[in-house]
Structures are given as structure tokens and as C-alpha cells.
Amino acid sequence: MCEFTVYLNGHEDSDVVAKNVIKSKVKADHISLMDSSGKTYRIEKAYITKVDSIMAEMQLESMA
């Protein structure tokens, strides 16, 4: 199973919003994430710009 590190608006350690993410769902006003322990994250007003399963990374950007 692939567990993603999720970044918001950049690719530095300080841009990480979640780790070990196994599920993501795009909603009208947010992105919902769930990690391997079942913890959920709600990222408001963002969209997915890149998913890289080889590097296990997901990139999000805030909506302007």
C-alpha cells in the first residue's frame, strides 16, 4: 500500500500537512485526507496539483 506525504503550497518540510495518507477525497470547498491510523485532515480551499506514487507524494495548492 502506498502512503503519501502531502504538501501544501511548496515542497519543503515546513509545507507538509499530513503524512502516511492512504485516502483522499475532493469536496466542493476542501480536500479530505485520511492517514493509515485513521486520523482525518480537512484542507480548506485547496486543489490537488500532483500525485506521484513512485515518490509517495501529493502536492496541493491553495485556491486564490
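None of the figures in this text is laboratory data; all of them are computed from the coordinates on show. Values in this document were obtained by computation on a predicted structure and should not be read as measured data. Cβ: placed from backbone, ideal geometry, glycine included. Neighbour counts: every protein chain shown.
Where does the range 4-62 land on Rg(C-alpha)/(2.2 N^0.38 Å)? Don't skip to the answer; put the middle values down first.
On the way: Rg = 10.3 Å, N = 59, 2.2 N^0.38 = 10.4 Å.
My calculation over the Cα atoms of the range 4-62 gives 0.99.
In the neighborhood of D29, defined by Cβ-to-Cβ distances under 12 Å, what is the net charge if each Lys or Arg adds +1 and each Asp or Glu adds -1? Intermediate values should be presented prior to the final figure.
Numbers: positive: K27, R42, K45; negative: E44.
Local net charge: +2.
Given S14, S62, S24, which one lies farthest toward the positive end of the charge dipole of the range 4-62, if we put +1 on the Cβ of every Lys and Arg and -1 on the Cβ of every Asp and Glu?
S24
Under a Cβ-Cβ cut-off of 13 Å, what is the net charge of the residues other than N20 that fall near it, where Lys and Arg count +1 and Asp and Glu count -1?
Numbers: positive: K19, K23, K39; negative: E3, D35, E57.
Value of the local net charge: 0.
About its Cα centre, how strong a charge dipole does the chain have in debye, to the nearest 20, once Lys and Arg get +1 and Asp and Glu get -1 at the Cβ? The partial results should precede the final answer.
Details: 8 positive and 10 negative charges, 74 e Å.
Computed charge dipole of the chain: roughly 360 debye.
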